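Beneath this line is the structure, given in structure tokens, with notes to follow.
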Amino acid sequence: MKNIWKLAAAVLAACVLAGVPAFFAVREHRALGAMSARADSLQREAGSAQAEAEGLTKELSDARNRLDSQGAELEAARGQLDSAASERDALAAQLEEAQAKIEELGRTPRFDPDGPAYQQLYPDFYAPQPLDASQAPAKVIYLTFDDGPSVQTGKVLEILERENIKATFFIVGRSGAASPDTLRAMVKAGHTVGMHSWSHEYKTIYASVEAFLEDMYKVFTLIRDETGVTPTCFRFPGGSTNSYDYGIYQDIVAEMLRRGFVPCDWNMSAQDATKTPLPPEQIVANVLSAGNVVRGVVLMHDSKPRATTVEALPNLIAALRQRGYTFAPLTPKVKPVMFNYKNFEQMP
Ligand code: ZN
């Protein structure tokens, strides 16, 4: 029996001796397996991260390429735009040239080869359109300012703007040449700029038809070149008939009409060209003394001494409005008011 216990003890000891290392060996083996699995999973993760990084790099590079190609497209579009702009400029220049040619051709054959030689002077001294001064609307007042521009002109322009009135300025060329900005301001504001001679010296201007043309041509080119608008309406210094042009006024009128220009006298006068300036109320009364004309062309002056004319202007406008008149600028279409031209009604 004792031997049985011994045997049993020996077997147990053998089992323990053999089993403990085996137990540890199994445990170690398991740990190794887990580590290896973990290593595998980490490797897989690393692989997919790398793939993702590669994908992102490729996307970045694609985006960069797209940007580059869009930049190139933009550059090309810019180039096209530039070339379109220069093409447009070239076409505009061609158009301008063609228009000038048309204008020139329109003018060339106008003079009468058997007529007075002065018809051939200044071949570009023609109104842009043939004469057609046929409109004669009732209850309209045409305010006209002669002999400027001067220091008074800016004030006149301000009043007209405030009153929302378009008027007409018959300018003296040598004054206009001194302030071309004023001429441009008149045009920009919608007023008519007409010719009233270059020098305003009666003796010089009315010495002959040729002298008249020479003087008027100078103010014509000044207005045309400074404002870009070819003047059509003109006013004779002293009116169409005066003691200086008595012998030749018909020839001058005929020659200016032939060239398409519209002479503009007046039928209401401020009578403000006095040595001593008139009080403003007298200026208003002078204009209104013409009575209720059907159409009124009002003569006033915006030369340097005419401060009281400027002062009178707002009251004059109010008085004329009260009589039911509206205001307009003279244009080539407006039938002119003229002195001593009973047959002017038959003008084409
Ligand atoms: Zn004058």
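The values are calculated or read from the model by the stated rules, or taken from the named source; none is laboratory data. What you see is a predicted model; the values in this text were computed from it and never measured. Quick reminder, even Gly has a Cβ in these numbers, built from the backbone with ideal geometry, and neighbours come from all protein chains shown. These accessible areas exclude ligands, DNA and RNA; they are computed on the full protein's heavy atoms, side chains included. Shrake-Rupley method; radii C 1.70, N 1.55, O 1.52, S 1.80 Å.
Looking across the stretch 312-339, the residues that are under 20 Å from P280 (Cα atoms), surrounded by fewer than 18 Cβ atoms within 10 Å (Cβ to Cβ) and over 31 Å from the mean Cα position of the chain (by Cα) come down to N315, A318, A319, R321, Q322, R323. Comparison of F220, F236, F212 shows that the only residue that is in a helix (DSSP H, G or I), surrounded by 16 or more Cβ atoms within 10 Å (Cβ to Cβ) and more than 23 Å from the chain's Cα centre (by Cα) is F212. When Q119 is tested against the conditions (1) in a helix (DSSP H, G or I); (2) within 16 Å of the ligand (Cβ to nearest atom); (3) not hydrophobic (A, V, I, L, M, F, W, C), the lone failure is (2). With respect to the conditions (1) in the same structural domain as P305 (by TED's automatic domain parsing); (2) more than 16 Å from the ligand (Cβ to nearest atom); (3) open to solvent by less than 80 Å² (accessible area, probe 1.4 Å); (4) hydrophobic (A, V, I, L, M, F, W, C), L131 lacks only one, and its number is (1). Within the stretch 191-212, the residues that satisfy the criterion of being in contact with a Gly (Cβ under 9 Å, 6 or more places away or on another chain) and closer than 19 Å to V297 by Cβ are V193, M195, H196, S197. Exactly one residue out of R66, R38, R44, R27 is modelled with pLDDT under 85, part of a helix (DSSP H, G or I), surrounded by 10 or more Cβ atoms within 10 Å (Cβ to Cβ) and not small (G, A, S): that is R27. In contact with a Ser or Thr (Cβ under 7 Å, 6 or more places away or on another chain), at pLDDT below 95 and not in a helix (DSSP H, G or I) - does that describe any residue in the stretch 128-136? Scanning the stretch 128-136 turns up at least one residue that is in contact with a Ser or Thr (Cβ under 7 Å, 6 or more places away or on another chain), at pLDDT below 95 and not in a helix (DSSP H, G or I).
None of E103, E87 is open to solvent by 60 Å² or more (accessible area, probe 1.4 Å), modelled with pLDDT of 90 or more and part of a helix (DSSP H, G or I) except E87. Counting the residues of the stretch 258-287 that are in a helix (DSSP H, G or I) and open to solvent by 40 Å² or more (accessible area, probe 1.4 Å) gives 4. Tally up the residues in the stretch 143-161 that are within 16 Å of the ligand (Cβ to nearest atom), at negative phi and either open to solvent by less than 10 Å² (accessible area, probe 1.4 Å) or not small (G, A, S) (or both), please. Matching residues across the stretch 143-161 total 9.
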